[in-house]
Amino acid sequence: MINQKMEDGFYPALGTPTDAGGNLVAESYRKQIEGMINSGAKGILCMGSMGKMASIGNREYPKVAAHCVEAVQQRLPVMVGVMDCSVSRVKDRIESLGNMEIDGIVATVPYYYKLNTPEIIRFFDLLSKASKYPVYIYDLPPVTQSPVTFGVLEALAGIPNIKGIKTANLALIQEMERNNYRRDDFSLFYSGLDLFDVAIQSGIGKNLDGMFTCTPVNSKRLYENAEKKNIDACSKYLNNILLLRNTLLKGNIFSAYSYAMELTGCPGNYQTDYDTAVSEELKSGIYDVMKVIGEI
């Protein structure tokens with residue numbers, strides 16, 4: 001475990017390129033990681049939602065994490081997704097990582113059944129005690145059916161191994177601020193892409209999303225201007241990223257994302273094995289948008 005400091009800036013949720021057999025395309029993955037580091041990323045999430053955490057094969061899972069750690073070479077903090085449907089299954093994920101030097105694990109609420117508040121609290125309490133790595137909560141209610149509330153965070157506040165939260169819930173963040181929920185060792189990652197410029201302006205410094213990976217040029221410029229407090233320029237480059245995101249959403253998002261990543265020079269299957277292919281018409285649209293926003 002390294003436990004590097006999580007600095008303000010952007011944190012890409014890496015896509016995981018695989019071949020037709022589900023094996024990692026290592027060269028493409030490494031190129032994606034280098035592109036993110038060169039664009040100024042402050043840390044990396046390996047195998048989040050965009051990284052096919054829920055569908056990557058068990059045999060391939062530790063290999064993907066190992067390739068990420070090897071490529072990053074401790075230049076940035078690395079977090080690894082361990083999402084699953086019980087503490088015991090998450091522990092299996094953690095144990096498969098061996099003694100990799102990573103900076104934390106990222107876990108959602110279990111997503112097969114809807115959980116109530118006491119169950120969410122107990123899940124993260126048990127996980128924090130079972131994990132040798134720092135734990136970061138991933139608030140993802142569209143998938144889990146169970147949002148992380150301020151009451152959950154209050155109940156978990158005294159657990160030192162819970163080090164942060166990734167959430168798109170701006171109201172939750174505002175409630176944390178109103179109630180002075182502050183810990184020097186607790187990181188808040190905002191994942192509401194549509195409002196990143198607003199979040200930056202209001203002092204939310206850490207933003208995490210998968211779209212950064214297919215927009216390295218605009219991501220770099222967005223956060224260079226954020227450091228200069230140039231919000232108008234931030235909004236301009238964010239609008240470019242959103243234009244591409246909205247174009248990808250015209251088809252299967254992951255299949256469309258696969259094509260966008262191919263255009264950046266990082267080919268592979270970023271979609272699950274049952275996803276439908278992107279149409280030629282949408283491919284043309286994606287190409288045109290990436291050309292307009294300066295990514296190709």
Kindly list, by first and then second residue, each pair from a residue in the stretch 137-160 that is at pLDDT 95 or above to a residue that is of a type outside the set (A, V, I, L, M) and buried (at least 21 other Cβ atoms within 10 Å of the Cβ), limited to pairs with Cβ atoms under 6 Å and residues at least 6 apart or on different chains. TYR138/THR108; TYR138/LYS166; ASP139/THR167; LEU140/THR108; THR144/THR108; VAL148/ASP139; LEU156/PHE124
Return yes when PRO118 is over 18 Å from MET176 (Cα atoms), within 21 Å of the chain's Cα centre (by Cα) and part of a helix (DSSP H, G or I) and no when it is not. no
GLU295 - would you say it is charged (D, E, K, R) and in a helix (DSSP H, G or I)? no
If you scan the stretch 219-262, which residues turn out to be of a type in the set (A, V, I, L, M, F, W, C) and not in a helix (DSSP H, G or I)? LEU249
In the stretch 81-112, which residues are in a loop (DSSP other than H, G, I, E, B), more than 19 Å from GLY43 (Cβ to Cβ) and in contact with a strand residue (DSSP E or B) (Cβ under 9 Å, 6 or more places away or on another chain)? ASP84, VAL109
Looking at this structure, is GLY192 crowded, with 21+ Cβ neighbours inside 10 Å, closer than 24 Å to ILE286 by Cβ and not polar (S, T, N, Q)? no
When only residues in the stretch 211-257 that are at pLDDT 95 or above and charged (D, E, K, R) count, which is farthest from the chain's Cα centre (by Cα)? ASP232
Only residues that are part of a helix (DSSP H, G or I) and buried (at least 18 other Cβ atoms within 10 Å of the Cβ): list them for the stretch 264-282, please. LEU282
When GLU95 is evaluated against the numbered criteria (1) of a type outside the set (Gly, Ala, Ser); (2) surrounded by fewer than 19 Cβ atoms within 10 Å (Cβ to Cβ); (3) over 25 Å from GLU262 (Cα atoms); (4) in contact (Cβ under 8 Å) with a residue 24 or more places away in the chain, which criterion, by number, is the only one it fails? (4)
Restricting the stretch 11-35 to residues that are more than 18 Å from the chain's Cα centre (by Cα) and part of a loop (DSSP other than H, G, I, E, B), the one nearest to LEU45 (Cα to Cα) turns out to be VAL25
Report whether or not THR167 is within 15 Å of the chain's Cα centre (by Cα), within 21 Å of GLY81 (Cβ to Cβ) and among the polar types (S, T, N, Q). yes
Where a residue in the stretch 54-73 is in contact (Cβ under 8 Å) with a residue 40 or more places away in the chain and its partner, wherever it lies, is surrounded by fewer than 18 Cβ atoms within 10 Å (Cβ to Cβ) and among the small types (Gly, Ala, Ser), with Cβ under 7 Å and at least six apart: GLU60/GLY22; HIS67/ALA26
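The values are calculated or read from the model by the stated rules, or taken from the named source; none is laboratory data. Computed from a predicted structure; not experimentally measured. As a convention, Cβ positions derive from the backbone with ideal geometry for all residues, glycine included, and neighbour counts pool all protein chains shown.
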